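Some notes on the structure that comes next.
Coordinate-derived values only; no laboratory data. Remember, predicted model here, so these are calculated numbers, not experimental data. So basically every Cβ, Gly included, is an ideal-geometry build from the backbone, and we count neighbours across all protein chains shown.
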Amino acid sequence: MKKISLCLFFLSSLLLQAQEEKLSKYYSLDASYFYGSILEHNPDISHLITGHPTGVILSWNQKTYGLKEWERRYNYPDFGYSFTYQDLKNQYLGESFGLYAHFNFYFFNRNLMFRIGQGLAYNTNPYDSDQNYINNAYGSKILSTTYLMGNYYRQNIIDGFGLQAGVSIIHYSNADFRSPNNSTNTFTFNLGVNYLLDHEEHPEYIPEGIREKYTEPVHYNFAIRSGVNSTGVVGSPQLPFLTIAAYADKVINVKSTLQGGAELIFSRSLEEFIQYKAAAFPQQNNDPNADAKRVGAFIGHKLTFNKMALITQLGCYVYYPYTSYVEQIYNRIGLERKITDNWWASATVRSHAANAEAVEFSIGYRL
C-alpha cells in the first residue's frame, strides 16, 4: 500500500479552512506509545525485519460540534496535526520522524475512533551506494508517510483526561521519487492518554436535523497533472511526466460524486527505461524507440469534506504498447482542494497495485 505524499498540501488546506470563519474553537491533545512489527509485504525487505519497532505518536486536534453543516454530516470529526517518532530496530533502517495532517472519525457512540494521517517523514539512514546499500526500502531521507489508527477512545474521564488504546499501521515510501523504494509498513499496538483543553467549556453537539435532497447536473472536468519520478532502477535520474485528463462527474449527494473519463500520459522515465532495457538486455530484442505514451480510461469517486475531498480512481490502460514497465490496471488516491467554483487543485499518487509510480500535482477546471 504505497501512497502518496501530500502533507504540505493537506496542512495548508486545513489552515485555510480553519480561517474561513471566526468561530469558537475547541482543542484536545493526545499521546500514545506503540510497539509492533514490520510487515513483510515484499520479500525483498525480509533482511531488514530484525526487531520490534517502538515509538510515540503526539497529536493536536481541533474538535467539531456541528457549528458547520459538514461537521454534522460526518458525525462531528476532529482534524489536526500529528508528530511521530519510530525506532525501526534495524541498524540499516535507522529512525524516522513524521509530521502529518489528520482526521479523526467516530463510531459506536464515539467510543471507537478511526484516524487517517498523511504527511512527510525524515529518515536518518536511507540507501547509500557506499555507506548503506543494505537499505533497499528507502531511497531518500524525505519520505511520504501515511498512518491509520483504530482506537477504543474515552475522553474526559477525570478532569479532562481520558484513555485510548488500539492498533495502528505506519507506512513509509517515496512513491518512486528516488530508487530504491520497497517501503515499509509497521503494524503496532498503541496505548495512550488524551486531554480535553478547557473541558468545562465545550458545548453540546448540534443535532443534524433533516437532510435535504441535493442534486446537480453532470459537470465536465479538464486537468493537467505533473511531477517527477524515476524508473525504479537504482541510480536512475528523476525525470518529469505530464498527464492530460478529461472526465465527467455526477454529484449523487452532498458527500459523494461519481467520475468517469480518460487521460493521456507522457513519461520521460518510461522513455529512459525503454532505452535502458534495450542497452542492458540486448538478448531480449527490446526496441529502444518503442512508444512510451499511454492512454487510460478510469472511473472514480470523490468524498467531499467542505472544500476538501478524498479522490479514489481505478483505471485501465487502453493503449500502452510497452507492456514490460507497468501492469494494465492502475489506481489513484489523494486529496483535492476547491479553489473557486470552477478551479481546483490536487495532490495524488498513481499506483499499480502496491507499486507507486508517481506523486502527481494537478490543476483542474470544472465546467
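Summing +1 for each Lys or Arg and -1 for each Asp or Glu among the other residues whose beta-carbon sits under 15 angstrom from that of Glu200 gives -3. A simple charge model with +1 on the Cβ of Lys and Arg, -1 on the Cβ of Asp and Glu and nothing else charged puts the dipole of the chain at about 620 debye relative to its Cα centre. Spatially, the range 35-91 and the range 104-171 are offset by 1 Å when compared through their Cα centroids. The angle between the Cα long axis of helix 7-18 and the main principal axis of the chain comes to about 30°, on a 0 to 90 degree scale.
Potential lengthening of the chain between Leu67 and Asn342 amounts to 96.4 nm, from the contour at 0.36 nm per residue minus the alpha-carbon distance.
With springs only between Cα atoms under 10 Å apart, run a GNM on the chain and tell me which of Ile210, Ile224, Ile142 wobbles the most. Maximum fluctuation in the GNM of the chain, among the listed residues, is at Ile210. Rounded to the nearest 10 degrees, the inclination of helix 268-280 to the longest alpha-carbon principal axis of the chain is 40 degrees. Counting only Cβ charges, +1 for Lys and Arg and -1 for Asp and Glu, the dipole size of the range 225-334 around its Cα centre is about 520 debye. Pairs exceeding 23 Å between alpha-carbon atoms, taken from Lys255/Lys307; Lys141/Lys338; Lys68/Lys255: Lys141/Lys338. Placing unit charges on each Cβ (+1 for Lys and Arg, -1 for Asp and Glu) gives the range 266-367 a dipole about its Cα centre, and among Val318, Met308, Ser267 the Cα reaching farthest toward its positive end belongs to Met308.
Computed over every Cα-Cα pair of the range 7-201 and binned at 10 Å starting from 0, the pair-distance distribution P(r) comes out as 9, 34, 31, 18, 7, 1 percent.
Can you tell me the relative contact order of the range 116-195? Whole percent, Cα pairs under 8 Å, sequence separation 6 or more. Working shown, then result.
Values: 178 pairs, mean separation 23.2, N = 80.
Once normalised by length, the contact order is 29 percent.
Taking a sphere under 14 Å around the Cβ of Pro53 and counting the other residues whose Cβ falls inside, with K and R at +1 and D and E at -1, yields a net charge of -2. For Rg/Rh (Cα atoms, Kirkwood Rh), the candidate list reads (1) 1.00; (2) 1.06; (3) 0.94; the entry that matches the value derived from this model is (1).
Straight Cα distances below 13 angstrom link Lys293 to the aspartates and glutamates Glu263, Glu271, Glu272, with same-chain residues fewer than 8 positions distant left out.
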